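J.: Submitted below is the structure of interest, expressed as C-alpha coordinates.
The values are calculated or read from the model by the stated rules, or taken from the named source; none is laboratory data. Nothing here was measured: the structure is a model prediction, and the numbers come from that model. A quick note on method: Cβ atoms are made from the backbone with ideal geometry, for glycine too, and the neighbour counts reach across all protein chains shown. With ligands, DNA and RNA removed, areas are computed over all heavy atoms of the protein, side chains included. Shrake-Rupley method; radii C 1.70, N 1.55, O 1.52, S 1.80 Å.
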Amino acid sequence: MKTKNVKIAVISALLFVGTACSGGGEETNEGGMTTTSFKVYGNCGMCEETIEGALKDVEGIEKGDWDKETKTIEVVYDNEHMTLDDIKKKIAAVGYDTEEFRADPGTYEDLPMCCHYDRPKE
Ligand SMILES: [Cu+2]
(Lines give C-alpha, C1' and ligand atoms only; values in the text may rest on other atoms or scores of the structure.)
Protein backbone atom coordinates (compact mmCIF):
# COMPACT_ATOMS: atom_id res chain seq x y z
CA MET A 1 0.00 0.00 0.00
CA LYS A 2 2.77 2.39 0.97
CA THR A 3 4.76 1.61 -2.16
CA LYS A 4 1.70 2.29 -4.24
CA ASN A 5 1.29 5.73 -2.69
CA VAL A 6 4.92 6.54 -3.35
CA LYS A 7 4.50 5.47 -6.95
CA ILE A 8 1.48 7.69 -7.36
CA ALA A 9 3.38 10.60 -5.82
CA VAL A 10 6.29 10.07 -8.20
CA ILE A 11 3.99 9.86 -11.21
CA SER A 12 2.18 13.05 -10.16
CA ALA A 13 5.51 14.83 -9.69
CA LEU A 14 6.63 13.76 -13.15
CA LEU A 15 3.38 14.93 -14.67
CA PHE A 16 3.78 18.25 -12.89
CA VAL A 17 7.34 18.68 -14.18
CA GLY A 18 6.14 17.77 -17.65
CA THR A 19 3.53 20.51 -17.50
CA ALA A 20 6.01 23.04 -16.12
CA CYS A 21 8.49 22.32 -18.93
CA SER A 22 6.07 22.86 -21.74
CA GLY A 23 6.79 26.57 -21.76
CA GLY A 24 3.70 27.89 -20.08
CA GLY A 25 0.53 29.30 -21.42
CA GLU A 26 -1.91 26.80 -20.03
CA GLU A 27 -4.19 28.46 -17.60
CA THR A 28 -6.60 27.04 -15.10
CA ASN A 29 -9.18 28.97 -13.19
CA GLU A 30 -10.69 27.68 -10.01
CA GLY A 31 -12.72 29.59 -7.46
CA GLY A 32 -11.34 32.97 -8.48
CA MET A 33 -7.77 31.69 -8.46
CA THR A 34 -5.80 31.48 -11.68
CA THR A 35 -2.85 29.15 -12.09
CA THR A 36 -0.55 29.72 -15.04
CA SER A 37 3.08 29.91 -16.02
CA PHE A 38 5.23 32.10 -18.27
CA LYS A 39 8.83 32.78 -19.13
CA VAL A 40 10.98 35.11 -17.04
CA TYR A 41 14.56 35.73 -18.20
CA GLY A 42 17.20 35.05 -15.54
CA ASN A 43 20.25 32.99 -14.60
CA CYS A 44 20.73 31.63 -11.16
CA GLY A 45 19.53 30.98 -7.65
CA MET A 46 19.88 34.64 -6.77
CA CYS A 47 17.65 35.57 -9.68
CA GLU A 48 15.16 33.10 -8.29
CA GLU A 49 15.22 34.84 -4.92
CA THR A 50 14.74 38.25 -6.48
CA ILE A 51 11.99 37.19 -8.85
CA GLU A 52 10.09 35.24 -6.23
CA GLY A 53 10.76 37.96 -3.65
CA ALA A 54 8.97 40.48 -5.86
CA LEU A 55 5.80 38.41 -5.58
CA LYS A 56 6.11 37.41 -1.97
CA ASP A 57 3.67 38.88 0.53
CA VAL A 58 1.77 40.62 -2.24
CA GLU A 59 -1.95 40.58 -1.68
CA GLY A 60 -3.65 38.61 -4.42
CA ILE A 61 -0.60 36.50 -5.25
CA GLU A 62 -0.64 33.13 -3.62
CA LYS A 63 2.34 31.56 -5.26
CA GLY A 64 5.30 32.47 -7.46
CA ASP A 65 7.74 29.70 -8.20
CA TRP A 66 10.50 30.32 -10.75
CA ASP A 67 12.63 27.52 -12.13
CA LYS A 68 16.13 28.48 -13.22
CA GLU A 69 16.41 25.49 -15.56
CA THR A 70 13.27 26.20 -17.54
CA LYS A 71 13.23 30.00 -16.86
CA THR A 72 9.55 29.57 -16.22
CA ILE A 73 7.54 30.86 -13.33
CA GLU A 74 4.39 29.27 -12.07
CA VAL A 75 1.99 31.67 -10.45
CA VAL A 76 -1.25 31.28 -8.59
CA TYR A 77 -3.17 34.51 -8.14
CA ASP A 78 -6.53 35.95 -7.28
CA ASN A 79 -7.89 37.02 -10.65
CA GLU A 80 -10.31 39.49 -9.13
CA HIS A 81 -7.58 41.60 -7.56
CA MET A 82 -4.63 40.90 -9.79
CA THR A 83 -3.89 40.54 -13.48
CA LEU A 84 -1.07 38.72 -15.19
CA ASP A 85 0.22 42.07 -16.43
CA ASP A 86 0.42 43.37 -12.83
CA ILE A 87 2.55 40.37 -11.94
CA LYS A 88 4.83 40.83 -14.95
CA LYS A 89 5.26 44.51 -14.11
CA LYS A 90 6.29 43.60 -10.58
CA ILE A 91 8.90 41.25 -11.97
CA ALA A 92 10.15 43.92 -14.38
CA ALA A 93 10.36 46.37 -11.46
CA VAL A 94 13.03 44.23 -9.78
CA GLY A 95 15.07 43.88 -12.97
CA TYR A 96 13.69 40.89 -14.86
CA ASP A 97 12.32 40.78 -18.38
CA THR A 98 9.29 38.88 -19.54
CA GLU A 99 8.12 38.73 -23.14
CA GLU A 100 5.69 41.58 -22.43
CA PHE A 101 7.44 43.87 -19.95
CA ARG A 102 11.06 44.96 -19.94
CA ALA A 103 12.98 46.02 -16.87
CA ASP A 104 14.59 49.48 -16.76
CA PRO A 105 18.22 49.34 -17.92
CA GLY A 106 19.31 50.89 -14.60
CA THR A 107 17.49 48.28 -12.55
CA TYR A 108 19.01 45.55 -14.67
CA GLU A 109 22.51 47.03 -14.25
CA ASP A 110 22.05 47.10 -10.48
CA LEU A 111 21.56 43.35 -10.34
CA PRO A 112 24.48 41.29 -9.00
CA MET A 113 27.01 40.41 -11.73
CA CYS A 114 26.01 36.74 -11.77
CA CYS A 115 22.45 37.78 -12.47
CA HIS A 116 23.18 39.66 -15.69
CA TYR A 117 21.22 37.33 -17.92
CA ASP A 118 21.09 37.66 -21.69
CA ARG A 119 18.28 40.06 -22.36
CA PRO A 120 15.81 39.40 -25.12
CA LYS A 121 16.06 41.74 -28.10
CA GLU A 122 13.94 44.85 -27.90
CU1 LIG B 1 21.00 35.50 -10.65
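J.: Heavy atoms only, 1.4 Å probe, whole protein assembly: order LEU84, LEU111 by accessible area, highest first.
T.: If we order LEU84, LEU111 from most to least accessible, we get LEU84, LEU111.
J.: What does the charge count around ASP67 come to, taking other residues whose C-beta lies under 9 Å from its C-beta (Lys +1, Arg +1, Asp -1, Glu -1)?
T.: Local charge sum for ASP67: -2.
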